[in-house]
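These notes concern the structure reproduced below.
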Amino acid sequence: MRAEVGLLTRNVAYRGDPATSISTEYGATMFFHSEGDDSLIARLGYIECYNVGQAFKLGRYAIHFHMIGAVHKSYIKGIALHQSNNRAFTMHGTHYLRVMENVVFEAKGHTIFIEDAIETNNYIYKNLICKTMRSMSLLNTD
């Protein structure tokens, strides 16, 4: 037998409140937005994110790049993301984002969400996604 193995822990952790995030489905989020092309640089690498995303809240995804345009210098690499109430990575109006070598476990809804289908030249490579769960709080397709 063969199986994919993904390490879910990292030395640096970003998380929602451990006492309430699971019961309220209201976790931590990262939201990136700027006025235009390459005016924002976000380099997220090798961190653990858990108890993230906010159910029943539009746009409150675990990690959300929102209407930025080109982000040639930005990436999401080596993230261990688990127990998300609202997707994992969202690209909305964002181009040239690199999403590489991440591990996602137990995320509700579309795990890697390209929101409007106008996003171009994003590079999604070698991600391990396990146990994506149906969400009753998002789109019908989730």
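Here Arg15 fits the description: surrounded by fewer than 16 Cβ atoms within 10 Å (Cβ to Cβ), of a type in the set (Lys, Arg) and over 19 Å from Ser135 (Cβ atoms).
Could you list, in sequence order, all residues of the range 27-42 that are over 17 Å from Met91 (Cβ atoms) and either in contact with a Cys (Cβ under 6 Å, 6 or more places away or on another chain) or at pLDDT below 90 (or both)?
Glu35
Only one of the listed residues (Gly36, Gly53) is surrounded by fewer than 17 Cβ atoms within 10 Å (Cβ to Cβ) and of a type outside the set (A, V, I, L, M). That residue is Gly36. Among the residues of the range 6-37, those identified as part of a loop (DSSP other than H, G, I, E, B), under 17 Å from Lys77 (Cβ atoms) and of a type in the set (A, V, I, L, M) are Leu7, Leu8, Val12.
Based on what the data block shows, is Glu119 more than 16 Å from Gly6 (Cα to Cα) and under 14 Å from the mean Cα position of the chain (by Cα)? Taking the combined requirement at face value, the residue does not satisfy it. Out of all the residues in the range 1-50, which are closer than 20 Å to Tyr96 by Cα and of a type in the set (Gly, Ala, Ser)? Result: Ser34, Gly36, Ser39, Ala42, Gly45. The strands (runs of 3 or more DSSP E) found entirely in the range 38-142 that carry 1 or more residues being free of Cβ contacts under 8 Å to residues at least 40 places away in the same chain are 43-45, 48-52, 63-70, 75-77, 80-84, 89-95, 98-100, 103-107, 112-114, 123-125. Determine whether the range 43-56 contains at least one residue that is hydroxyl-bearing (Ser, Thr, Tyr), at pLDDT 95 or above and touching a Cys at 6+ places or on another chain (Cβ under 8 Å). There is no residue in the range 43-56 that is hydroxyl-bearing (Ser, Thr, Tyr), at pLDDT 95 or above and touching a Cys at 6+ places or on another chain (Cβ under 8 Å). One residue alone among Asn127, Asn121 is at pLDDT 95 or above, surrounded by fewer than 14 Cβ atoms within 10 Å (Cβ to Cβ) and not hydrophobic (A, V, I, L, M, F, W, C), and that residue is Asn121. Of all the numbered requirements in (1) in contact with a Ser or Thr (Cβ under 7 Å, 6 or more places away or on another chain); (2) farther than 13 Å from Thr90 by Cβ; (3) crowded, with 17+ Cβ neighbours inside 10 Å, Tyr75 misses one, and that requirement is (1). Among the residues making up the range 18-33, those that are surrounded by fewer than 12 Cβ atoms within 10 Å (Cβ to Cβ) and not aliphatic (A, V, I, L, M) are Pro18, Ser23.
The values are calculated or read from the model by the stated rules, or taken from the named source; none is laboratory data. Fair warning: this is a prediction, and the values are worked out from it, not measured in the lab. Methodologically, a virtual Cβ is constructed for each residue, glycine included, from the backbone with ideal geometry; neighbour enumeration extends over all protein chains shown.
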